[in-house]
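The values are calculated or read from the model by the stated rules, or taken from the named source; none is laboratory data. Treat the numbers as computed from the prediction; the structure is a model and nothing was measured. Quick reminder, even Gly has a Cβ in these numbers, built from the backbone with ideal geometry, and neighbours come from all protein chains shown.
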Amino acid sequence: MTLAEFQSTIDTGSQPDVAPLLLALWYDGRGDWDRAHTIAQDVDDADGALVHAYLHRKEGDLGNASYWYRRARRPVATDSLESEWTRIVAELLARGSGLGAGD
């Protein structure tokens, strides 16, 4: 799946067959922060920490976001939330770690 294809599913509301972290970002893209957070907090690895950090940054809880960026071994993002969202999605898709069972 390409970034453009992933983004198009947000507009149509057609949930893609992707791994949990991309699904979390999909829900965030549709405006459902709570559902995105619930999914992301259940992924206990560096990628999960990165998505979790982004979500807390978006929430405005910068102290909590900083903690999760450290867990992800990444610097705190300073670009726009939209740019960070796009960067994370693209990274997950490029590594293939965002693909669902059917891909």
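When Leu99 is evaluated against the numbered criteria (1) in contact with a strand residue (DSSP E or B) (Cβ under 8 Å, 6 or more places away or on another chain); (2) modelled with pLDDT of 95 or more, which criterion, by number, is the only one it fails?
With respect to (1) in contact with a strand residue (DSSP E or B) (Cβ under 8 Å, 6 or more places away or on another chain); (2) modelled with pLDDT of 95 or more, Leu99 is out only on (2).
For the stretch 27-40, give me the residue count where each residue is closer than 22 Å to Val76 by Cβ and out of contact with any helix residue (DSSP H, G or I) (no Cβ under 6 Å at 6 or more places or on another chain).
Qualifying residue count for the region: 1.
Read through the list (1) within 10 Å of the chain's Cα centre (by Cα); (2) touching a residue at least 40 places away in the same chain (Cβ under 8 Å); (3) within 18 Å of Gln7 (Cβ to Cβ), then give the number of the only condition that Leu93 fails.
(1)
Can you name the helices (runs of 4 or more DSSP H) wholly within the stretch 19-74 that have at least 1 residues being out of contact with any His (no Cβ under 9 Å at 6 or more places or on another chain) and polar (S, T, N, Q)?
Result: 33-40.
Determine whether the stretch 40-60 contains at least one residue that is surrounded by 15 or more Cβ atoms within 10 Å (Cβ to Cβ) and touching a residue at least 40 places away in the same chain (Cβ under 8 Å).
The answer is yes; a qualifying residue exists.
Just give me the residues in the stretch 2-18 being outside any helix (DSSP H, G or I) and surrounded by 17 or more Cβ atoms within 10 Å (Cβ to Cβ), in sequence order.
Those that are outside any helix (DSSP H, G or I) and surrounded by 17 or more Cβ atoms within 10 Å (Cβ to Cβ): Pro16, Val18.
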